[in-house]
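Chemist: Before anything else, here's the structure in question.
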Amino acid sequence: MWRAAPDPRVLPREFPVAATAHYSGQPRRLLVAWKERGDPWPAGVFSAALARAVSALLALRGEHADPRPVTLVPVPGRPRAIVERGGDIVRALATGTAARLRQQGVPCGVAAAGLRRGRGLDQVGLDAVQRRSNAQSSYRVARDSRPVGLIIMVDDITTTGATLGACRSLLTQSGHTVIGAAVLCATKVFPWP
């Protein structure tokens, strides 16, 4: 288990982001195969790994933490990418992860929490400051969004943390309690404490 090290200009260091792997080698190849070629078999492996990441985030809070159930909120993908991939892979990942956590006795569900994809560019090729600006205009929260318990955001990969930071900010401003994020891979990681 790794702790992602996002760029501090876009996501504060005190916000925990658990990553199951560094975005290189075999994890990178598996993620690309799953995202770009539609190979379905890594989904089970990824859900099991992400369940461990969510458990690590919950362990950080300690045994006397807020007893509300955990809600996994998938970071919304671009509509075009969802169509090209034949479905929302991040939502599928969150759903599989929640099922594994429930099997372990952790009350957990999946909800969008009103988070929606708005306009914005793909983040590829943008530096940290450009990513932050782009991410802030790429997401929105529905006006009728209601708090859904403790939120852990879920995504497939994080580079600078700009997307997670923008989504966290929007959800927090809407009254949600976001306690961390769990991602499959991160480009910058250090060992989990």
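Chemist: State which residue pairs qualify: first residue closer than 14 Å to residue 155 by Cβ and surrounded by fewer than 22 Cβ atoms within 10 Å (Cβ to Cβ) and inside segment 167-192, second residue aromatic (Phe, Trp, Tyr) and at pLDDT 90 or above in any location, beta carbons under 6 Å apart, and separation of 6 or more residues or different chains.
Modeler: 187/23
Chemist: While we're on this one: Sort through 163, 159, 172 and tell me the only one that's closer than 29 Å to residue 29 by Cβ, of a type in the set (Ser, Thr, Tyr) and out of contact with any Pro (no Cβ under 9 Å at 6 or more places or on another chain).
Modeler: Working: 159 fails: out of contact with any Pro (no Cβ under 9 Å at 6 or more places or on another chain); 172 fails: closer than 29 Å to residue 29 by Cβ.
163 is the lone residue from the list that is closer than 29 Å to residue 29 by Cβ, of a type in the set (Ser, Thr, Tyr) and out of contact with any Pro (no Cβ under 9 Å at 6 or more places or on another chain).
Chemist: Is one or more of the residues making up segment 20-39 surrounded by 13 or more Cβ atoms within 10 Å (Cβ to Cβ), closer than 21 Å to residue 170 by Cα and of a type outside the set (A, V, I, L, M)?
Modeler: no
Chemist: Moving on to the next point. What number of residues in segment 149-181 are of a type in the set (Val, Ile, Thr) and either at pLDDT below 80 or assigned to a helix (DSSP H, G or I) (or both)?
Modeler: Initial filter on segment 149-181 (of a type in the set (Val, Ile, Thr)): 151-152, 154, 157-160, 163, 172, 177-179.
Checking the rest, the ones that are also either at pLDDT below 80 or assigned to a helix (DSSP H, G or I) (or both) come to 163, 172.
Residues in segment 149-181 being of a type in the set (Val, Ile, Thr) and either at pLDDT below 80 or assigned to a helix (DSSP H, G or I) (or both): 2 in total.
Chemist: Mind checking which pairs have a first residue in segment 52-81 that is over 21 Å from residue 15 (Cβ atoms) and a second that is surrounded by 19 or more Cβ atoms within 10 Å (Cβ to Cβ) and at pLDDT 80 or above, Cβ under 7 Å, 6 or more apart or different chains?
Modeler: 77/90
Chemist: For segment 1-42, enumerate the residues that are among the hydrophobic types (A, V, I, L, M, F, W, C), assigned to a strand (DSSP E or B) and out of contact with any helix residue (DSSP H, G or I) (no Cβ under 6 Å at 6 or more places or on another chain). Even if it seems obvious, please write down each step before you answer.
Modeler: If we filter segment 1-42 for residues that are among the hydrophobic types (A, V, I, L, M, F, W, C), which is where we start, we get 1-2, 4-5, 10-11, 15, 17-19, 21, 30-34, 41.
From the residues that got through so far, the ones that are assigned to a strand (DSSP E or B) too are 2, 4, 17-19, 21.
Passing the criteria: 2, 4, 17, 19.
Chemist: Go over the candidates 43, 33 one by one and state the one that is under 19 Å from residue 89 (Cβ atoms), modelled with pLDDT under 95 and touching an Asp or Glu at 6+ places or on another chain (Cβ under 7 Å).
Modeler: On the way: 43 fails: touching an Asp or Glu at 6+ places or on another chain (Cβ under 7 Å).
So the residue among 43, 33 that is under 19 Å from residue 89 (Cβ atoms), modelled with pLDDT under 95 and touching an Asp or Glu at 6+ places or on another chain (Cβ under 7 Å) is 33.
Chemist: Select, from 65, 5, 19, 59, the only residue that is at pLDDT 85 or above and over 19 Å from residue 160 (Cα atoms).
Modeler: 59 is the lone residue from the list that is at pLDDT 85 or above and over 19 Å from residue 160 (Cα atoms).
Chemist: Write out, first by first residue and then by second, each pair whose Cβ atoms fall under 6 Å of each other, whose residues are 6+ apart or on separate chains, and whose first residue, in segment 83-112, is surrounded by 15 or more Cβ atoms within 10 Å (Cβ to Cβ) while the second is hydroxyl-bearing (Ser, Thr, Tyr).
Modeler: 96/47; 97/47; 100/47; 109/71; 110/95; 111/71
Chemist: Continuing with this model, one more query. Does residue 11 satisfy the criteria of being under 17 Å from residue 180 (Cα atoms) and either among the hydrophobic types (A, V, I, L, M, F, W, C) or surrounded by fewer than 16 Cβ atoms within 10 Å (Cβ to Cβ) (or both)?
Modeler: Working: under 17 Å from residue 180 (Cα atoms): yes; either among the hydrophobic types (A, V, I, L, M, F, W, C) or surrounded by fewer than 16 Cβ atoms within 10 Å (Cβ to Cβ) (or both): yes.
Against the criterion (under 17 Å from residue 180 (Cα atoms) and either among the hydrophobic types (A, V, I, L, M, F, W, C) or surrounded by fewer than 16 Cβ atoms within 10 Å (Cβ to Cβ) (or both)), residue 11 qualifies.
The values are calculated or read from the model by the stated rules, or taken from the named source; none is laboratory data. What you see is a predicted model, and the numbers here were worked out from it, not measured in a lab. Neighbour counts are summed over all protein chains in view; Cβ atoms, including those assigned to glycine, are modelled from backbone coordinates with ideal geometry.
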